[in-house]
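Down below is the structure, laid out as structure tokens.
The values are calculated or read from the model by the stated rules, or taken from the named source; none is laboratory data. Since the model is a prediction, treat every value here as computed from it, not as a measurement. Neighbour counts are summed over all protein chains in view; Cβ atoms, including those assigned to glycine, are modelled from backbone coordinates with ideal geometry. In case anyone asks, the SASA skips ligands and DNA or RNA and just uses the protein heavy atoms, side chains included. Shrake-Rupley method; radii C 1.70, N 1.55, O 1.52, S 1.80 Å.
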Amino acid sequence: MTSAFHPHPEMLRIHDLHAFYGESHILHGIDLKVARGECVTLLGRNGSGRSTTLKSVLGLVGRRSGSIMVNGKEVIAEPTHRMARYGVGYVPEERAIFASLSCEENLLLPPQVASGGMSVDEIYRMFPNLLERRNSPGSKLSGGEQQMLAMARVLRTGAKLLLLDEITEGLAPVIVRKLGEVIIELKSRGFTIVMVEQNFRFAAPLADRHYVLEHGEIIATISAEELPGRMDWLHQTLGV
């Protein structure tokens, strides 16, 4: 059964978000908002809380408090398995491709849980490499092909809010460029994207806004227009 989707101008709003793993207090009052159709990045050094912020939206942390609004609905008390029905799609850093299934079987595995998911034909037009490799087992796909498949799988479910965790890590430049083109196309189709990204050169031209995290707090919010004047500070802060 697919869920009805009633658009709200704000796709994601996080207020005073705290997150814990066991006794470790990882996020200390995160505040951010993402309008429908925007692409934003979460920047910061390793351990700054970027990936934990994405996982907190999904409930993949030990404990969380504060407010997480998705498409105008409070979801902080919702279990992880319900989040897909609110139009949230997650592409984890580890990709989670099933080695024994073919490329196409991996693609078709998740159910369509919200209306408006992309068809298999649309996905193959966006990722022609996957069409060529549709019968190949997951274990035989390159890192770039696995990353494309992880993204494609989410697009079929009907997700409108995409949480992308380090999608370019370890990939060849030609694949990174392709993923950049895909994100531009997804934005043009009205998808909302939150990226955790170490590759700042990849993220900078794609994002409408950058949130810079340090020790589980947002220390700066930088719009695309402000970015050129903040580059020196960013290089110093991020070590890039």
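Could you calculate the contour length gain from residue 98 to residue 142, that is, 0.36 nm times the residue separation minus the distance between their Cα atoms, to one decimal place in nm? Write out the running numbers ahead of the final one.
Numbers: separation 44, 0.36 × 44 = 15.84 nm, distance 1.33 nm.
Additional length available on full extension: 14.5 nm.
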Summing +1 per Lys or Arg and -1 per Asp or Glu among the other residues with Cβ less than 15 Å from residue 225's Cβ gives -1
Taking a crude spin-label model, label points 7 Å out from Cα along the C-beta direction, the residue 225 to residue 81 distance in nm is 4.7
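Report the charge-dipole magnitude of the range 10-238 in Debye, nearest 20, computed about the Cα centre from +1 at each Lys and Arg Cβ and -1 at each Asp and Glu Cβ.
Values: 26 positive and 27 negative charges, 98 e Å.
Magnitude of the dipole: close to 460 debye.
What does the net charge come to around residue 114 if you take all other residues with beta carbon closer than 10 Å to its beta carbon, with K and R at +1 and D and E at -1?
My count for the surroundings of residue 114 gives +2.
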Note to self: with every protein chain in place and a 1.4 Å probe, the range 74-133 gives an accessible area per residue in Å² of 51
For the chain, whose charge dipole is built from +1 on Lys and Arg Cβ atoms and -1 on Asp and Glu Cβ atoms, the candidate among 238, 210, 81 with its Cα farthest towards the positive end is 81
Per-residue accessible area, 1.4 Å probe, largest first, puts 74, 105 in the order 105, 74
In whole Å, largest first, the alpha carbons of the chain cover along the principal axes 46, 39, 35
For residue 36 and residue 200, extending 7 Å from Cα along the Cα-Cβ vector and measuring point to point gives, in nm, a value of 3.4
Residue separation between residue 24 and residue 233 times 0.36 nm, minus their alpha-carbon distance, gives in nm 72.3 nm
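For the range 179-232, rounded, prolate or oblate, judged on the Cα gyration tensor with a ≥ b ≥ c (square roots of eigenvalues), a/c < 1.5 rounded, else prolate if a/b > b/c? Present the calculation step by step, with values, prior to reporting the outcome.
Working: a/c = 1.96, a/b = 1.61, b/c = 1.22.
Prolate, since a/c reaches 1.5 and a/b exceeds b/c.
Compute the normalised compactness of the range 124-189: alpha-carbon radius of gyration over 2.2 N^0.38 Å, N being the residue count.
Values: Rg = 11.6 Å, N = 66, 2.2 N^0.38 = 10.8 Å.
For the range 124-189, the normalised Cα radius of gyration is 1.07.
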When the charge dipole of the chain is computed with +1 on Lys and Arg Cβ and -1 on Asp and Glu Cβ about the Cα centre, the Cα farthest towards its positive end, among 143, 42, 115, belongs to 115
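For the chain, what is the mean residue ellipticity at 222 nm derived from helices alone (per DSSP H run of n ≥ 4: -39500 (n - 2.57); sum divided by total residues; nearest 500 deg cm²/dmol)?
Estimated from H runs of four or more residues: -8500 deg cm²/dmol.
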Measure of exposure for residue 167: accessible area at 1.4 Å probe, Å² rounded to 10, is 0
